[in-house]
Amino acid sequence: MVSKQPNFPFDMTGYTCFSIINCPVEQAIRLLKEYPDLCVAEDRVPFSFQIAVLPEDTRWTLLRWSRPGRFYDLMNLTMWLMGYRAGLGGENPIFVALPPIERTMEGVFLARPDYDNQFGDSMLGFWQNWSFDYTIPGENLRWIGENVFPQEYFFNSRGYSSTGFQLEWLSDLERISSWVECSIPMEK
């Protein structure tokens, strides 16, 4: 039986959202602070993030969104963490959104860059058993199909080898005591 595709734009209310990148915290903070320069300067509101090194694997930096932002920003900022020159940013950004208890049945939301896209401007995602392609310029979402990508797919790198990131690492955030606060202006 085929289930109904989620409505787009997605309702991420209550979800705990993360942009995750394999680079040092200092680089992630620098890229986060530069991000508003890419965005429309109108209709902005302060947006807070908590940033920390992942204790299980210090190559990974977590950016926890204070609340879900616009879908465009959730995807674009995650992609932006790859950086724009050698030595700044990481190679394997991952977006993860964990559901609140009352929405557990919807499952985890996952996205990562489409490494096969020659323009480097799209993300592949998975939510509620549906896979999709999201092109950042034009904010275009195209459904690929139901259960096309297994969850492990989103933790693979450009060469399709495992990045080593494990979703379980996000289950007990209280163990991380080194969160750094950072706020930037973002479009409503």
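The values are calculated or read from the model by the stated rules, or taken from the named source; none is laboratory data. This structure is a prediction, so every number in the text was calculated from the model and none was measured. As a convention, Cβ positions derive from the backbone with ideal geometry for all residues, glycine included, and neighbour counts pool all protein chains shown. Each accessible area value is taken on the protein alone, full model and side chains, heavy atoms only, with ligands, DNA and RNA left out. Shrake-Rupley method; radii C 1.70, N 1.55, O 1.52, S 1.80 Å.
Between the entries (1) 41, 27, 12; (2) 36, 22, 22; (3) 23, 19, 18, the label attached to semi-axes √(5λ) of the Cα gyration tensor in Å calculated for this structure is (3). Computed from the Kirkwood radius of its Cα pairs, the Stokes-Einstein diffusion coefficient for the stretch 80-158 at 4 °C and 1.567 mPa s stands at 96 µm²/s.
The slack in the chain from LEU38 to ARG103, taken as 0.36 nm per residue of separation less the alpha-carbon distance, amounts to 20.1 nm. Given a 1.4 Å probe and the protein chains as shown, SER161 ends up with an accessible area of around 70 Å². Taking the chain as a Gaussian network, where each spring joins two C-alpha atoms under 10 Å apart, which residue of TRP80, TRP65, TRP169 fluctuates the most? Highest fluctuation among the options: TRP169. Using the Cβ-Cβ distance between TYR72 and GLU174 with R0 = 35 Å, the FRET efficiency computed as 1/(1 + (r/R0)^6) comes to roughly 0.70. Here the accessible area of the stretch 38-111 is 55 percent carbon and sulfur, with a 1.4 angstrom probe and all protein chains present. With contacts taken as Cα pairs under 8 Å and at least 6 residues apart, the chain reaches a relative contact order of 27 percent.
Of the GluC sites (Glu not before Pro) in the stretch 4-105, the ones in a loop by DSSP (not H, G, I, E or B) with at most 11 other beta carbons within 10 Å are GLU42.
Accessible surface area normalised per residue over the chain is 50 Å², counting heavy atoms of protein chains with a 1.4 Å rolling probe.
Per-residue SASA remark: MET12, around 10 Å² accessible (1.4 Å probe; ligands, DNA and RNA not included). If you sort ARG64, ARG112 by accessible surface, 1.4 Å probe, largest first, the order is ARG64, ARG112.
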